[in-house]
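The values are calculated or read from the model by the stated rules, or taken from the named source; none is laboratory data. Computed from a prediction, not measured in an experiment: that's the story for all the values here. When we count neighbours, we look across all protein chains shown, and the Cβ atoms used for this are built from the backbone with ideal geometry, even at glycine. We work out accessible area using only protein heavy atoms, side chains counted, and drop any ligands, DNA or RNA first. Shrake-Rupley method; radii C 1.70, N 1.55, O 1.52, S 1.80 Å.
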Amino acid sequence: DGDFMKMSLLIAAASLLGLTPVVSPTDGAHAAELKVLAGGSLRSLLTELAPQFEHASGHKLVIDFDTTPNLIKAATSGEPFDLGVVPIDVFYDAAAKSHFTPPVEFARVGYGVAVKAGAPRPDISTKQAFKKTLLEAKSITFLPESAAGSYILRLFERLGIEEAMKAKTIAQAQPTGIIPAVVSGQAELAVFVNNVLTAPGVDIVGPFPPGLQQELVF
């Protein structure tokens, strides 16, 4: 559940960095500033965890949230960093992979669909119902330039609706734009990973149906 995922992230961050709490978290002599590269879809989670980690360890986290293509650029730029909390897709790039120690899998999240809070919830229970709902939607929003977005685009191709969806997609540059687009009424549906869709102002309709669901690994 959410609490387990949060605890897993906190433990993983500490173990991967090789950190243990200092005697006095406020003792600047022991403190370090640690640069973290992180997937944008983890913003709310890591923003919540960062103060807890800083209080327990005495170290300060500087977190750069971004999309998968930009995380690859950051990892290979030559600029130093201490930890990557990123989609596994980053490691599919050989150049980026060479800048990391072997990755440790510690979290997975599935995909879903969300509507504005209180709006009717369309049927997405089966492959055909899901396809019909997407085709009938006036507009959808997600983040194409991301690991999650890449899967969604491939899924549209599998369903044979990629051209139809292009015409109604309101593309976001960062995950933070997805929820406001639905709340404001700019987009009828949000299609993305469930942790981003779990937010005030929207209702999650449900997960992708069997046969179309996949998990994004961090």
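Of note:
- Shape call, region 106-218: gyration tensor on alpha carbons, a/c limit 1.5: rounded
- Per-residue ³J(HN,Hα) for region 77-86, Karplus 6.51 cos²θ - 1.76 cosθ + 1.60, θ = phi - 60°, Hz, x for Gly and Pro: 6, x, 6, x, 8, 9, 8, x, 10, 9
- The calculated FRET efficiency for the pair A94 and R158, based on their C-beta separation and a Förster distance of 22 Å, comes to about 0.25.
- Think of the chain as having a plus end and a minus end, set by charges on the Cβ of Lys, Arg, Asp and Glu; of Q172, A129, P69, A129 sits farthest toward the positive end of this dipole.
- Each Lys and Arg contributes +1 and each Asp and Glu -1, all at the Cβ; summed about the Cα centre of the chain, the dipole is approximately 640 debye.
- For region 110-163, the square roots of the Cα gyration tensor eigenvalues, ordered a ≥ b ≥ c, give a/c of at least 1.5 with a/b no greater than b/c, which places it in the oblate category.
- Environment charge of P175, counting only residues whose C-beta is closer than 12 Å and scoring Lys/Arg +1, Asp/Glu -1: -1
- Residue with peak Gaussian network fluctuation, the chain [Cα springs, cutoff 10 Å], from A167, A107, A147: A167
- Number of Lys-Lys pairs in the chain with C-alpha atoms under 16 Å apart and a separation of 8 or more places or on different chains: 10.
- Over all other residues within a Cβ to Cβ distance under 11 Å of L61, the charged ones net out to -2, with Lys and Arg as +1 and Asp and Glu as -1.
- Solvent exposure ordering (accessible area, 1.4 Å, most first) of F65, F130: F65, F130
- By a 1.4 Å probe calculation restricted to protein chains, R121 has an accessible surface near 140 Å², given to the nearest 10.
- Counting only protein heavy atoms and a probe of 1.4 Å, the accessible surface of the chain is 56% carbon and sulfur.
- log₁₀ of I(q)/I(0) at q = 0.09, 0.10 Å⁻¹ - the chain, Debye sum with one point per alpha carbon: -0.40, -0.49
- Given R0 = 22 Å, the distance between the Cβ atoms of Q174 and V62 translates into a calculated FRET efficiency of 0.75.
- Per-residue SASA entry for D82, accessible area with 1.4 Å probe, Å² rounded to 10: 80
- Interchain or long-range residues, amide H under 5 Å from A107's placed H: F218
- Lys/Arg +1, Asp/Glu -1 at C-beta; the chain dipole; positive extreme among L83, Q52, P200: P200
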